[in-house]
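Worksheet for the structure shown next.
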Amino acid sequence: MPNATHFVLTADDFALTPGVSAGILELLEEGRIKAAGAMTNRPHWRSGAALFGQFSGAADLGLHFNLTCGVPLTRMKRLAPAGELPKLPALLRGGVAGLLPSAEIAAEFEAQIDAFEQAMGRPPDFIDGHQHVHALPGVRRVLADILPRRFPDAKPYLRNPADRLASIRARGRHAAKAILLASLAGPFAPQMQALGFALNDGFSGYSRFDARADYASDFASYLVAPGPRPLVMCHPGFVDDELRGLDPATESREAEMAFFLSPRFTEICAAAGMRPSRFSELAE
């Protein structure tokens, strides 16, 4: 397929639960995805890191920075006074109001990077955020302070979750979510580019997390108006009891798994003239 366009297809939430991790590992093994992000504050990270690390060099393996699910690695007296990270709406309200505890977030961010590096023996290939927290108001300022110091030379690429309005409209699906995030995260990409970090240019993958929906049709829309360096997020995995108590995406993960393992996935990519690749291939 000589005229194919490259895009990064990245699975979020490795280590969220054993079932989610197992699904992501299967897709990495089958070569269906070329990137996956790990939640290193989750209790399953340490036990799953060795299997995750087997795909170093074959896929981009990154940090999925988490401020909204489970227990933090550090003591967060203001953000998580009872020991549990806040839900997204509370984090977002604090960020918009300028009330987030920057020092606490900075310490937690560094601890999650440390946990990745200690388990993997190397820095992450990329950094993004669970529920896009890395790019939200009040959090992105912390990353802008830490990332240049932490990665002065070889830099991980960063996820830009804000896409162009014209591209969002051209896809015709999940526009409200995409437009809201674009408005919240708009300053993230130019700020990080000014610091010397590479980011995707083009972003899609929003869904309703409804197992009854036609995910194949959703996925086909993700490849419309993709942008010059596109990234598509996905949330595959197997459902377990732990997942049902943690995350809004449950049975929809198995629907995504089934799609990515099916011929329909490769057919849709071929029809769009695109194929999943690593970030380093996007400029080729």
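Taken together, Arg32, Arg78 contain a single residue that is farther than 28 Å from Tyr222 by Cα and of a type in the set (Lys, Arg), which is Arg78.
Just one of (1) within 23 Å of Thr17 (Cα to Cα); (2) surrounded by fewer than 20 Cβ atoms within 10 Å (Cβ to Cβ); (3) in contact with a helix residue (DSSP H, G or I) (Cβ under 9 Å, 6 or more places away or on another chain) fails for Gly62. It is (2). When the stretch 28-59 is limited to residues that are in contact with a Pro (Cβ under 8 Å, 6 or more places away or on another chain) and of a type in the set (Lys, Arg), the one that is surrounded by the fewest Cβ atoms within 10 Å (Cβ to Cβ) turns out to be Arg32. Does Leu73 satisfy being modelled with pLDDT of 95 or more, under 21 Å from Phe151 (Cβ atoms) and surrounded by fewer than 20 Cβ atoms within 10 Å (Cβ to Cβ)? So Leu73 passes the test.
For Pro137, the conditions (1) modelled with pLDDT of 95 or more; (2) over 18 Å from Arg93 (Cα atoms); (3) not in a helix (DSSP H, G or I) are fulfilled apart from (2).
Listed here are the residues, each with its yes/no results for (1) basic (Lys, Arg); (2) in contact with a strand residue (DSSP E or B) (Cβ under 8 Å, 6 or more places away or on another chain); (3) touching a residue at least 60 places away in the same chain (Cβ under 8 Å).
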site: Gly57; (1), (2), (3): no, no, no
site: Val71; (1), (2), (3): no, no, no
site: Pro81; (1), (2), (3): no, no, no
site: Arg93; (1), (2), (3): yes, no, no
site: Pro101; (1), (2), (3): no, no, no
site: Ala115; (1), (2), (3): no, no, yes
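Residues in the stretch 248-263 that are surrounded by 21 or more Cβ atoms within 10 Å (Cβ to Cβ) and either in a loop (DSSP other than H, G, I, E, B) or touching a Ser or Thr at 6+ places or on another chain (Cβ under 6 Å) (or both): Ala249 alone. Among the residues making up the stretch 140-150, those that are among the hydrophobic types (A, V, I, L, M, F, W, C) and closer than 15 Å to Leu63 by Cα are Leu143, Ile146, Leu147.
Take the stretch 124-159 and flag every residue that is among the aromatic types (Phe, Trp, Tyr) and surrounded by fewer than 21 Cβ atoms within 10 Å (Cβ to Cβ). Phe151, the sole residue that qualifies. Touching a residue at least 60 places away in the same chain (Cβ under 8 Å) and either over 19 Å from the mean Cα position of the chain (by Cα) or on the phi > 0 side of the Ramachandran plot (or both): does that describe Asp247? No. Of the residues making up the stretch 264-280, those that are among the polar types (S, T, N, Q) and open to solvent by 20 Å² or more (accessible area, probe 1.4 Å) number 2. Pairs meeting the criteria (first residue in the stretch 36-53 and without any contact (Cβ under 8 Å) to a residue 40 or more places away in the chain and closer than 20 Å to Arg278 by Cα, second residue of a type in the set (Gly, Ala, Ser) and part of a strand (DSSP E or B), beta carbons under 8 Å, at least 6 apart or on different chains) are Ala36/Ala11; Ala36/Ala59; Ala36/Gly62.
Looking across the stretch 229-247, the residues that are surrounded by fewer than 18 Cβ atoms within 10 Å (Cβ to Cβ), touching a Gly at 6+ places or on another chain (Cβ under 8 Å) and assigned to a loop (DSSP other than H, G, I, E, B) come down to Phe238, Asp240, Leu246.
The values are calculated or read from the model by the stated rules, or taken from the named source; none is laboratory data. Note that the coordinates shown come from a computational prediction; the quantities given were computed from them, not determined experimentally. Every residue, glycine among them, receives a Cβ derived from its backbone with ideal geometry; neighbour counts consider all protein chains shown. These area figures cover heavy atoms from the full protein model, side chains too; ligands, DNA and RNA do not enter into them. Shrake-Rupley method; radii C 1.70, N 1.55, O 1.52, S 1.80 Å.
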